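The numbers here are math on the coordinates, done by the rules we state, and not lab data. What you are looking at is a predicted structure, and each value in this text was computed from that prediction instead of being measured. Positions of Cβ are generated from backbone atoms using ideal geometry, with glycine treated the same way; all protein chains shown enter the neighbour counts.
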Ligand SMILES: NC(=O)c1ccc[n+]([C@@H]2O[C@H](COP(=O)([O-])OP(=O)(O)OC[C@H]3O[C@@H](n4cnc5c(N)ncnc54)[C@H](O)[C@@H]3O)[C@@H](O)[C@H]2O)c1
């Protein structure tokens, strides 16, 4: 069965993905997650923007920001009203809104920021996270139009959002502002068949360092995260199946075996859970990270 909400971005006919989650036994791997010592209420009274809010990372981040007291503005190219409604019911004293925006179109982002300004919402946090994974194809055959699309979403789009929201933060002059950009371990480790995605995420990591320098005088910190194998979820299933299909010398032709190859290459011998990505994001957004800027946190199980 295909995943309909992804039709806005992905060639689901060509991908022909299954809904197999490629999970592992709960006790697979080392250094298991412990949720008992989580922080809470670090964001009471603050307002955050989350891009890619309908996706796996974005929706988890929005839920955990809300749990810790934040009001959250949801941005995605696909509708996020379901998540908005869920959060409004769960946290009636906080503000939630959902905007359909394409982060590659500057006018849409500046209009969304203008709306926030007119409604007097004081944004101090941004999870700049929307992204597109692109094709899994060897360099020699990689389609130029997909290369450009990846660059447009992951590089231009991230930049457009970062610039517009930093201007919003500057106008508010609140201090203590924080931006987290989603890069990827692909931007560091450069896996095969992903030339455009890897290059785009290396650019996100690099833009983070420059923006951190430019925005420090405005009391805005900027950091990035570089997650590696995170599952289960859309991008996990997709990379397992499409790396198998790409038929390279690096991965098996059986998706289940590819999943095992990937997990076995990780020192912790497991993939990370989605909320193990969001924990470090919230740390970087919070005042706990007040002396950290221009930094990238690899979330890779030791890779
Ligand atoms: N899942 C992983 O294993 C993994 C690993 C490393 C990095 N990442 C990165 O993390 C981020 C989130 O990934 P995810 O797993 O949640 O993927 P996802 O596909 O579930 O979510 C991505 C979201 O971004 C939105 N989006 C894409 N293009 C957009 C545009 N032009 N304008 C507005 N919204 C747009 C999509 O609609 C989607 O809701 C992405 O940047 C991805 O590249 C993911």
Would you report the distance distribution of C-alpha pairs in the chain as whole percents per 20 angstrom bin, up to the bin with the largest distance?
34, 59, 7
Using Cα atoms only, what is the angle between the long axis of helix 56-67 and the major principal axis of the chain, expressed in degrees (0 to 90) to the nearest 10?
30 degrees
What number does region 171-303 give for Rg over Rh if you use C-alpha atoms and the Kirkwood radius?
1.05
Over region 223-270, what per residue volume does the convex hull of the Cα atoms give, in whole Å³?
94 Å³
Working out 0.36 nm times the residue gap between residue 85 and residue 106, then minus their Cα-Cα distance, what length gain in nm do you get to one decimal?
4.9 nm
Arrange the peptides 81-93, 19-31, 180-192 so that the one whose residues have, on average, the most other Cβ atoms within 10 Å appears first.
180-192, 81-93, 19-31
Helix 234-246 versus the longest principal axis of the chain: what angle, 0 to 90°, nearest 10, using Cα atoms?
30 degrees
Restricting to DSSP H runs of at least four residues, report the calculated mean residue ellipticity at 222 nm for the chain, -39500 (n - 2.57) per run over all residues, nearest 500 deg cm²/dmol.
-12000 deg cm²/dmol
Simple spin-label estimate for residue 148/residue 288, 7 Å along Cα→Cβ, in nm, reads 4.4 nm
Relative to the longest principal Cα axis of the chain, at what angle does helix 255-264 sit, 0 to 90 degrees, rounded to 10?
70 degrees
Assuming R0 = 45 Å, what is the FRET efficiency of residue 190 and residue 120, from their Cβ-Cβ distance, to the nearest 0.05?
0.50
When a/c reaches 1.5 or more, the comparison of a/b and b/c decides; with that in mind, is region 4-119 rounded, prolate or oblate per its Cα gyration tensor?
oblate
Region 1-63 shape via C-alpha gyration tensor axes, a/c threshold 1.5:
oblate
